[in-house]
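For reference, the structure discussed in these notes is given below.
The values are calculated or read from the model by the stated rules, or taken from the named source; none is laboratory data. Keep in mind that what you see is a predicted model, and the values were worked out from it rather than measured. Note that we place each Cβ from the backbone using ideal geometry, even for glycine, and neighbour counts take in every protein chain shown.
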Amino acid sequence: MDRDGTELKMAPPKVAGALELSGAQMVIRALKDQGVKHIFGYPGGAVLPIYDAIFQQNDIEHVLCRHEQGATHAAEGYARSTGRPGVVLVTSGPGATNAVTGLTDALLDSIPLIVICGQVASHLIGTDAFQEADTVGITRACTKHNWLVKDVDDLSRVMHEAFQIATTGRPGPVVIDIPKDVQFKKGPYTGPQAVKHRTYRVKSDPDLGQIVKAIELMANAKKPLFYTGGGIINSGPVASKLLRELVALTGFPVTSTLMGLGAFPASSPEWLGLVGMHGTYEANHAMHDCDVMICLGARFDDRVTGKIDLFSPDSKKIHLDIDPSQINKNVRVDVPIVADAAKALKEMLHFWKTQKKKSDAPALKDWWAQIDQWRAKKSLDYKASTKLIKPQYAIDRLYALTRGRNVFITTEVGQHQMWAAQRFKFEEPNRWMTSGGLGTMGYGLPAAVGVQMAHPGALVIDIAGEASVQMTMQEMSTAVQYDLPIKIFILNNEYMGMVRQWQQLLHGGRYSHSYSEALPDFVKLAEAYGGVGLRASMPDELDAKILEMIDSPKPVLFDVRVDPKENCYPMIPSGRAHNEMILSDAMEEETVVSDEGKMLV
Amino acid sequence: MRAPTERHTIAVLVDNEAGVLARVVGLFSGRGYNIESLTVAEVDHTAHTSRVTVVTSGTPEVIEQIEAQLRRLVPVHSVVNWTTSAPGIEREMALVKVTGTGDKRAEAQRISEIFRAHIVDTTHNSFVFEITGAPEKIDNFVDLMRPLGLVDVSRTGVAAISRGPEAM
C-alpha cells in the first residue's frame, strides 16, 4: 500500500509554455491522447461546450444515439467487441440518470466504460437547478469510481486516471461529472504519462506458490473440470490462446459461464457447453461431480451455482480472479490465485511443462466416459415441427447460414438469450455480447450499434425477443443514420418468454402481464425507420429470409414468428442442485419449484 | 448452520477527498453489512488522509468480504482489522447528561469518580460527564446513570490503534 504522503494530489504546476486549454478542449484532447476514435452520446445544455469542441475537430467521431441508455449499451458493445474502453458523453440531470442502467450493466459484467456527464455550473450545484441531479451520488453505487471535477486544473489528471481505473485490474465503468463553468475555464493540460494514482494499485502477477499448488491439484485430479468466465475475455486474446494450450496439454473438459463464451472454441471435443441454470446436462453434472474445479475468471454467480450448499460438494477448487474480493465470496475455495488471467495461465503452462506434469490418463478416460453418458442425454434437443418455427430451429439455421462469416452476436435478455448461448457456437473471444450480470432487456440492439461502429465490415446480429427489443427500439434510428447494417433477429413468441415460463412453472400458469399485446408490425416499423423489414412464419421459408437479411445492406428488423409455448430447457429450477436438472421431455405443466425456491429469482 | 456473528473493529486509511465517507458507508448499506459505530477524521493534514474506524459485526466470511470490498474502493490506502490481524486498543469518549437533586445527584457524582469521568458542565440540578474508555465501560456507566436522571448521551464511536511500535 502506498502511504507516501509526499506524492500529493496537487494541481499540475503552471509551467510556462504548458498547453492552455479550456475544460471542454481538455476532454477532447485527453480522449485523443487515450486513443479514442468513437464516442457515443447525446447533447444537452450542461454539456454544450464539449459538443462545441467536438464540432471543431475531426479526430474523434461522435455517434448520436437516441437515448442515453442506448449510448451506454452501444459503448458496452463497442468495448466488449474490441477490448478497448467505450466512451459516452451525456448531459446533466436526465442525461446522467438515463445512463445509470448502462453503468450498472457494465459494472456487473466488468466492461470498461468512461461516461462523461455535463453538470450544472458550480455555483448552481445544490440549488435544485434546471436539469441538476446529484450524479456522483447517484452513480457511486454503479461505478468502479467517479469524480466531480470542481477545478479545471484537475481535469486532465482525472480524465487520464479515469481511463486507468476503467481499463486495468477488473475493468468497470467510471463517471466524470464536469460542471459547465469548468468546461469553459482554461487551465494547463497534462498528458497521460504524467498520471500516477495515489492509491489505486492492481496486483496482476500471480503468486507462484499458488500456481504450483494449483498444478499439483490438477495433475492428481481424477475428475477435473475447467470452469471459465468473462475474466478470460477481459484479459485479452492471449488468455484465450493460453487456455486452449492448457486444455490441449491436460485433456480436461471445459465449461463456461455466459460471459465467457468464445474464450474456448465450441467446436473442440473438450467443450461441454454452457454451465448453470440453462446450461447443458453434461456441464452441470460435471460441475457437480468433479473432484478438481479450475475456475478461471468466473465468480460463482448464483445463476451458475444453483443451490449454494449443494454446489459441487466434493471438489477442491482453484479460483483465479483479478479481483481479490471475489475469492471466497460465494464459495470457499482451496487455492485462490489473484492475478490477471493471461499471466496466471502462462505460469500454469510453464510449471506444468517444467515440472513434467501429466494428467492421470486412466482416471481421465473414465471421467470422459462418464461425461459421454451425460452427453448422450442430448439435453439441448427439442421437438421439431414442420408447422411452427421452433426458436431453437431458428437459431440453428441462423448459425448454419452465418458460419464462416465475420459474425458478432449480441442479445437481449430472456429465453432467446439462453437459446443463443446454448446453440450458437463461438470459436473466438469478443464475438458474443450479452447482458449477463444485470440481465438488461434492451441491451442487444444498441450494443449491436456499438459493435458495428467498431467493425464496419462485419455481420452484426442481435438475437432478440419482441419484448426486449422494444425497450431500446429507438436506436434503429441511430443505425440508419450511421449506415450501420445491423440485423435484429427477433424470436417473436408474443410473450416475455422467460417470465411466461416461470409463471408456468412457479405460479400455476397465471400469465400475469407477460403477453405482448398490441405488438407493432415490425416490418412496417423497420420501413418507417428507413431499414428493411422481414417476416417468417413457417419453417420452410426461414432459410431464404435469413439469407435475405444477411445480404441486405441496411439495418434489418426480422420478425421471426416462433412457437409461443416453447420453454427453455434444460433448466435447474431455483433452489435445486446441478444434478437435479429438468429436461425438455420431463414435465411441462406441473409446478417444479419448491416454496423456498420461489423466494429466489 | 451459520457461523456465529463476531464483532470486529476495522481501520481504513483513506484519501480525504469529497464523498469518500459516502463510499465507505454506501458499501456497508449497499451490501447489507452492519455498522455498530463509525468514526472519521483527517489524521494527516498535509497528506490529506483520513482514518475511518468502523465497528461491525458478521460471520467470519462476511468480515472477510467487508475487508476485501473496502480495499476495492479507489481512495483507500489500507485496511486493518484490529480484531484479527493485530492486537489493538479501542477507546471511545462520551458526554453524558444527568439531571437530579439530592441523593441521586450525589450518587451520580460518586459513580462518576469510580469511572474516572470528568464533570465538564454543571448547574444546580444537572451534570455533564465526560467519560473515556472501552465501549463496554461506557455502556456500564450509562446503564448506572439511567435510574439517576440520565437525559442525554453523545458518543464518539470507537477510535482504535495497535499496541507496540508498529504503525497501521
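Restricting attention to region A:323-378, which residues are of a type in the set (S, T, Y), without any contact (Cβ under 8 Å) to a residue 12 or more places away in the chain and either touching a helix residue (DSSP H, G or I) at 6+ places or on another chain (Cβ under 9 Å) or within 14 Å of another protein chain (Cβ to nearest Cβ) (or both)?
Hit for region A:323-378 is A:S325, nothing else.
Pull up region A:194-225, narrow it to residues that are charged (D, E, K, R) and surrounded by 20 or more Cβ atoms within 10 Å (Cβ to Cβ), then point me to the one that is farthest from A:A341 (Cα to Cα).
Residues of region A:194-225 that are charged (D, E, K, R), as a first pass: A:196, A:198, A:201, A:203, A:205, A:207, A:213, A:216, A:222-223.
Within this subset, residues satisfying the condition of being surrounded by 20 or more Cβ atoms within 10 Å (Cβ to Cβ) are A:198, A:223.
Values: A:R198: 25, A:K223: 23 Å.
Looking at residues that are charged (D, E, K, R) and surrounded by 20 or more Cβ atoms within 10 Å (Cβ to Cβ), I get A:R198.
Being on the phi > 0 side of the Ramachandran plot and surrounded by fewer than 22 Cβ atoms within 10 Å (Cβ to Cβ) is the filter here; which residues of region A:395-429 pass it?
We begin by selecting, within region A:395-429, every residue on the phi > 0 side of the Ramachandran plot; these are A:404, A:414.
Passing the criteria: only A:G404.
List pairs: first in region A:268-281 and at positive phi, second in a loop (DSSP other than H, G, I, E, B), Cβ under 8 Å, 6+ apart or cross-chain?
Here the result reads A:G273/A:A266; A:G273/A:G279; A:G273/A:T280; A:G273/A:L380; A:G276/A:T257; A:G276/A:D301; A:G276/A:G306; A:G276/A:I572, each pair linking region A:268-281 to a residue that is in a loop (DSSP other than H, G, I, E, B).
Name the pairs whose Cβ atoms lie under 6 Å apart, with the first residue in region A:134-161 and in contact (Cβ under 8 Å) with a residue 24 or more places away in the chain and more than 10 Å from every other protein chain (Cβ to nearest Cβ), the second among the charged types (D, E, K, R) and in a strand (DSSP E or B), and 6 or more positions between them or separate chains?
A:T135/A:D177
Given region A:509-601, what helices (runs of 4 or more DSSP H) lie entirely inside it while holding 1 or more residues that are at pLDDT below 90?
Hits in region A:509-601: A:595-599.
What do you reckon, is B:V14 within 11 Å of chain A (Cβ to nearest Cβ) and out of contact with any Pro (no Cβ under 8 Å at 6 or more places or on another chain)?
So B:V14 fails the test.
If I ask for residues that are touching a strand residue (DSSP E or B) at 6+ places or on another chain (Cβ under 9 Å), over 17 Å from A:L246 (Cα atoms) and within 14 Å of chain B (Cβ to nearest Cβ), which ones from region A:285-320 would you list?
Scanning region A:285-320 gives A:R299, A:F300.
Taking the options A:K353, A:K358, name whichever one is of a type in the set (K, R) and either at pLDDT below 95 or within 24 Å of A:D205 (Cβ to Cβ) (or both).
From the options A:K353, A:K358, the qualifying one is A:K353.
Tally time: how many residues in region B:65-81 are more than 7 Å from chain A (Cβ to nearest Cβ), outside any strand (DSSP E or B) and of a type in the set (A, V, I, L, M, F, W, C)?
Number of matching residues: 3.
Being among the hydrophobic types (A, V, I, L, M, F, W, C) and within 14 Å of chain B (Cβ to nearest Cβ): is that true of A:V254 here?
Spelling it out, it is not the case that A:V254 is among the hydrophobic types (A, V, I, L, M, F, W, C) and within 14 Å of chain B (Cβ to nearest Cβ).
Quick check on region B:1-11: of everything there that is more than 14 Å from every other protein chain (Cβ to nearest Cβ) and surrounded by fewer than 17 Cβ atoms within 10 Å (Cβ to Cβ), which residue is farthest from the chain's Cα centre (by Cα)? Talk me through it step by step, then tell me what you get.
Initially, region B:1-11 is screened for residues more than 14 Å from every other protein chain (Cβ to nearest Cβ), giving B:4-10.
Then keep just the ones that are surrounded by fewer than 17 Cβ atoms within 10 Å (Cβ to Cβ); that gives B:4-7.
Details: B:P4: 22, B:T5: 19, B:E6: 16, B:R7: 12 Å.
For region B:1-11, the residue satisfying everything is B:P4.
Within the bounds of region A:218-226, is there any residue that is in a helix (DSSP H, G or I), touching a residue at least 12 places away in the same chain (Cβ under 8 Å) and away from every other protein chain (no Cβ under 14 Å)?
yes
Looking at (1) within 17 Å of the chain's Cα centre (by Cα); (2) assigned to a helix (DSSP H, G or I), find the lone condition where A:M441 falls short.
Result: A:M441 passes all but (2).
Does any residue of region A:107-114 turn out to be more than 14 Å from chain B (Cβ to nearest Cβ), of a type in the set (D, E, K, R) and out of contact with any Ser or Thr (no Cβ under 6 Å at 6 or more places or on another chain)?
Yes: one or more hits.
What is the one condition in (1) in contact with a helix residue (DSSP H, G or I) (Cβ under 7 Å, 6 or more places away or on another chain); (2) crowded, with 24+ Cβ neighbours inside 10 Å; (3) within 30 Å of A:Y200 (Cβ to Cβ); (4) in contact (Cβ under 8 Å) with a residue 40 or more places away in the chain that A:G260 does not satisfy?
(4) is the only condition that A:G260 fails.
Within region B:86-94, can one find any residue that is within 14 Å of another protein chain (Cβ to nearest Cβ) and outside any strand (DSSP E or B)?
No, the conditions are met nowhere in region B:86-94.
So in region A:162-204, with the set limited to residues that are assigned to a loop (DSSP other than H, G, I, E, B) and within 14 Å of A:I28 (Cα to Cα), which one is nearest to the other protein chains (Cβ to nearest Cβ)?
Within region A:162-204, the subset assigned to a loop (DSSP other than H, G, I, E, B) is A:168-172, A:185, A:189-191, A:195-204.
So of that shortlist, the ones also within 14 Å of A:I28 (Cα to Cα) come out as A:189-191.
Details: A:Y189: 22, A:T190: 19, A:G191: 21 Å.
Filtering first and then ranking leaves A:T190.
Out of everything in region A:480-500 that is part of a helix (DSSP H, G or I) and surrounded by 21 or more Cβ atoms within 10 Å (Cβ to Cβ), what residue ends up being nearest to the chain's Cα centre (by Cα)? Lay out the reasoning, then the answer.
Quick first cut of region A:480-500, residues part of a helix (DSSP H, G or I) only: A:480-481, A:497-500.
Retained after the next criterion (residues that are surrounded by 21 or more Cβ atoms within 10 Å (Cβ to Cβ)): A:497-498, A:500.
Working: A:G497: 21, A:M498: 19, A:R500: 25 Å.
Only one residue tops the list, namely A:M498.
Of all residues being out of contact with any strand residue (DSSP E or B) (no Cβ under 6 Å at 6 or more places or on another chain) and surrounded by 15 or more Cβ atoms within 10 Å (Cβ to Cβ) in region B:20-32, which is nearest to A:V175 (Cα to Cα)? Just the residue, please.
B:R23
Which members of region B:1-46 meet the condition of being within 20 Å of B:G157 (Cβ to Cβ), in a helix (DSSP H, G or I) and of a type outside the set (D, E, K, R)?
B:V20, B:L21, B:A22, B:V24, B:V25, B:G26, B:L27, B:F28, B:S29
Of all residues in region B:55-71, how many are crowded, with 17+ Cβ neighbours inside 10 Å and either of a type in the set (S, T, N, Q) or farther than 21 Å from A:Y200 by Cβ (or both)?
Number satisfying all stated conditions: 8.
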